[in-house]
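Asker: Next up is a structure, given as structure tokens.
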Amino acid sequence: MASERATVPPDVFVSDLYKPSVDHKDDGGSDEPPSKQRSDPKDVAAQEQEAMDIEPEPPASDDSPDWRYPLLQRLVDGILPPDQAEAKRVARRAKTFVLLDGEMYKRSPLGVLMRCIPRQEGVKLLQDIHSGVCGHHSAPRTLVGNAFRQGFYWSTAVADATDIVRTCEGCGSNSYRPSSGV
């Protein structure tokens, strides 16, 4: 129907969703309330052992500023950077971004909105895709295409994907080299 731009039949109901309709934040993980769960001595010992395990250190935080900040300043407050060249660049780029319910989205050339995420979240997404969540170890442009098709966007996606592929132990001898176009 949508590709034909035909009118919607009277027995079909259409509603536009602008945000997720399911909230996954309240997912407790267990069907039984804690008071009704049975306590087996083996389970208690296993839980104590898990609590004593040393967790790996969290990844070092990236101290680079969030790429969305200048664009958000332009979209929300109309403020541009003091440097004239940077101000022109931000003003030009801000035309492709939209704010909806406090979230920033990039409008693709086809009009599809992609949620803008921080670089750290994007790198984690690319690592998940590359390690097999959405397929196999693939090339950087394929990784970025998969992430963008899922509705996410960040400005350094291609560079981040290239770094992930180059440092991946599972890809074998880190042999990825961008083609020279020759």
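The values are calculated or read from the model by the stated rules, or taken from the named source; none is laboratory data. What you are looking at is a predicted structure, and each value in this text was computed from that prediction instead of being measured. Every residue, glycine among them, receives a Cβ derived from its backbone with ideal geometry; neighbour counts consider all protein chains shown. Quick note on the areas: whole protein, heavy atoms, side chains included, nothing else; ligands and nucleic acids left out. Shrake-Rupley method; radii C 1.70, N 1.55, O 1.52, S 1.80 Å.
Asker: Output the residues belonging to the range 145-172 that are among the polar types (S, T, N, Q), surrounded by 14 or more Cβ atoms within 10 Å (Cβ to Cβ) and outside any loop (DSSP other than H, G, I, E, B).
Answerer: ASN146, THR162
Asker: Does any residue in the range 119-138 that is basic (Lys, Arg) come within less than 8 Å, Cβ to Cβ, of a residue that is in a loop (DSSP other than H, G, I, E, B) and at pLDDT below 75 six or more places away or on a different chain, and which pairs are these?
Answerer: Qualifying pairs under 8 Å: ARG119/ASP62; ARG119/SER64.
For (1) in contact with a Pro (Cβ under 8 Å, 6 or more places away or on another chain); (2) surrounded by fewer than 18 Cβ atoms within 10 Å (Cβ to Cβ); (3) at pLDDT below 90, each residue gets a yes or a no:
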position	(1), (2), (3)
GLU86	yes, yes, no
ARG89	no, yes, no
ARG93	no, yes, no
LYS106	no, no, no
ILE117	no, no, no
VAL123	no, no, no
HIS130	no, no, yes
GLY135	no, yes, yes
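Asker: Related question: Starting from the range 144-163, keep only residues that are more than 16 Å from LEU113 (Cβ to Cβ), then list their pairs with residues that are of a type in the set (Asp, Glu) whose Cβ atoms are within a distance under 9 Å, requiring at least 6 positions of separation or different chains.
Answerer: Every condition considered, the pairs that remain are VAL144/ASP160.
Asker: If you don't mind, there's one more thing I want to ask. Spot the failing condition for VAL98; the list is (1) open to solvent by 30 Å² or more (accessible area, probe 1.4 Å); (2) touching a strand residue (DSSP E or B) at 6+ places or on another chain (Cβ under 7 Å); (3) part of a helix (DSSP H, G or I), and only one is missed.
Answerer: (3)
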